[in-house]
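Following: one structure in structure tokens, then a few remarks.
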Amino acid sequence: MDTQELQSLKNKYDIIGNDAALNRALETAVAIAPTDLTVLVTGESGVGKDNIPKIIHQRSLRRTKNYFAVNCGAIPEGTIDSELFGHVKGSFTGAMETRKGYFEEADGGTLFLDEISELPLASQAKLLRVLQSGEFIKVGSSKVEKTDVRVVAATNKDLLYAVSQGKFREDLYYRLNAIQIKMPSLRERKDDIYLLFRKFTSDFSEKYSMTKLLLTNDAIDLLINYRWPGNIRQLKNVAETVSALEGEKLTPSAPKCVVDAATLARYIPRDDPNAIPVKVGPQGGDTMSSSDRQMFIKALLDLRKEVDDLKARVFGGEEPRGVTPVPEMEAEWQGQGTPVTSADVDGSRMIDVQKREDPEETETDGDLSIKNVEKDLIIKALQRSGGNRKIAAEELGFSERTLYRKIEKYKIEEGQKR
């Protein structure tokens, strides 16, 4: 595939990154798609293995038929055979009618079996039979039925080790492993980490009208050098959490928010160099589902909005509702990005960003009167705190970042603070 075709494929499946191993995996998927070879996709949890079977199906002659994805680890052992091969009426308690399984429903199409290592040994034998001959028997039946299904399996475990431990059939392993596609871990794609982070934060800020996050150079180093045992899934969770808790309401005067390494470190778990990647399961560290996380973030943003409204009533409001955000000509997460150093936070670069298209030039006398009152309140708070911005910000109900902006905005000199 040429570069343009590869990028088009990534855009279609929302795949971000330019790593050579990632490109090789995608090119292999496209190359073997027109065949009926069984494919085994390997890689750690959270690396995006589920994109490979979708690409294979859509690029195959089976694309007009059904595609099903089955998580073998999420189905109880007692019902897995019924899910895969179907059952007849009365075959077990609760079998009120005959039911088709995935192999019958996917006839002529593609079946993606995720977490294949979790399949019980008895079910492995039945899977081997259907892969070799296309034959299967419904639970509770003695009738042999036929199906024509292409299987793509995936695992985040070492299947050869599972074979040596007697937990996975050797003959099934070699039957599944006709073609193996390995998806690289995130720590093997260091050049893609910051690109992915910017993509996730950009999507989040656009969805919730929050400020864009800008990392300092030391924060970028921290981001890139972390191991990311949860891979892309973990990086997305961190990016969205940082955006929700550190970002602010988007306005023309505050289009960006700078995050340094000390701040970012609060959202990244302490790295244990002796730890090894493990399967993320119900008893793992991150048990919050995607829907629960979205509800939590929404509640957090609603709370932030209520706080902003309260500040607006108390202090006159520097960010009136209905302000149209400054439009951007291109997606900020694309390209190499423009990191800043810690010194830039107190330098002219950030001041220039904040003053771009400053609406104060068109303020009315009423607006100026309100802002004069707010300026006086800030000066008095700073004087009472002896110039300590943290204490003054707490007294005013501001974040230190907001207070910093207001000091610059009202041109409060050092002598006025004490």
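Restricting attention to segment 46-60, the residues that are in contact with a Gly (Cβ under 7 Å, 6 or more places away or on another chain) and either polar (S, T, N, Q) or closer than 21 Å to Leu172 by Cα (or both) total 1.
Kindly evaluate Val70 against the criterion of being surrounded by 14 or more Cβ atoms within 10 Å (Cβ to Cβ), assigned by TED's automatic domain parsing to the domain that holds Thr155 and either under 14 Å from Lys182 (Cα atoms) or modelled with pLDDT under 95 (or both). Answer is no for this residue.
When segment 189-221 is examined, which residues are found to be buried (at least 16 other Cβ atoms within 10 Å of the Cβ), at pLDDT 95 or above and acidic (Asp, Glu)? Once the filter is applied, which keeps residues that are buried (at least 16 other Cβ atoms within 10 Å of the Cβ), at pLDDT 95 or above and acidic (Asp, Glu), segment 189-221 yields Asp192, Asp218.
Hey, can you tell me all the residues within segment 112-135 that are more than 15 Å from Asn177 (Cα to Cα) and under 34 Å from the mean Cα position of the chain (by Cα)?
Selection gives Glu118, Leu119, Pro120, Leu121, Ser123.
Could you say whether any residue in segment 222-240 is modelled with pLDDT under 65, outside the structural domain of Glu118 (by TED's automatic domain parsing) and either surrounded by fewer than 18 Cβ atoms within 10 Å (Cβ to Cβ) or among the polar types (S, T, N, Q) (or both)? No - not one qualifying residue is present in segment 222-240.
So, in segment 9-55, how many residues would count as being hydrophobic (A, V, I, L, M, F, W, C) and within 23 Å of the chain's Cα centre (by Cα)? Step through it out loud before you land on a result.
Initially, segment 9-55 is screened for residues hydrophobic (A, V, I, L, M, F, W, C), giving 9, 15-16, 20-22, 25-26, 29-33, 37, 39-41, 47, 52, 55.
Narrowing further to those that are within 23 Å of the chain's Cα centre (by Cα): 9, 15-16, 20-22, 25-26, 29, 41, 47, 52, 55.
The number of residues fulfilling the criteria is 13.
Checking each residue in segment 160-193 for being among the charged types (D, E, K, R) and assigned to a helix (DSSP H, G or I) picks out Glu170, Asp171, Arg175, Arg187, Glu188, Lys190, Asp191, Asp192.
Looking only at segment 112-138, which residues are in a strand (DSSP E or B) and crowded, with 19+ Cβ neighbours inside 10 Å?
Taking segment 112-138 and keeping what is in a strand (DSSP E or B), we get 112-114, 135-137.
Phe112, Leu113, Asp114, Phe136 - these are the residues of segment 112-138 that are in a strand (DSSP E or B) and crowded, with 19+ Cβ neighbours inside 10 Å.
Total residues in segment 1-33 satisfying the condition of being over 15 Å from Ile232 (Cβ atoms) and in contact with a Gly (Cβ under 9 Å, 6 or more places away or on another chain): the figure is 1.
Kindly indicate whether Gly86 is modelled with pLDDT under 95 and surrounded by fewer than 20 Cβ atoms within 10 Å (Cβ to Cβ).
Working: modelled with pLDDT under 95: yes; surrounded by fewer than 20 Cβ atoms within 10 Å (Cβ to Cβ): no.
Spelling it out, it is not the case that Gly86 is modelled with pLDDT under 95 and surrounded by fewer than 20 Cβ atoms within 10 Å (Cβ to Cβ).
Restricting segment 243-284 to residues that are loosely packed, with under 13 Cβ neighbours inside 10 Å and polar (S, T, N, Q), the residue that is modelled with the highest pLDDT is Asn274.
Of the residues making up segment 43-56, those that are of a type outside the set (A, V, I, L, M), surrounded by 19 or more Cβ atoms within 10 Å (Cβ to Cβ) and closer than 13 Å to Ala153 by Cα number 4.
The values are calculated or read from the model by the stated rules, or taken from the named source; none is laboratory data. All values reported here derive from a predicted model rather than from experimental measurement. So basically every Cβ, Gly included, is an ideal-geometry build from the backbone, and we count neighbours across all protein chains shown.
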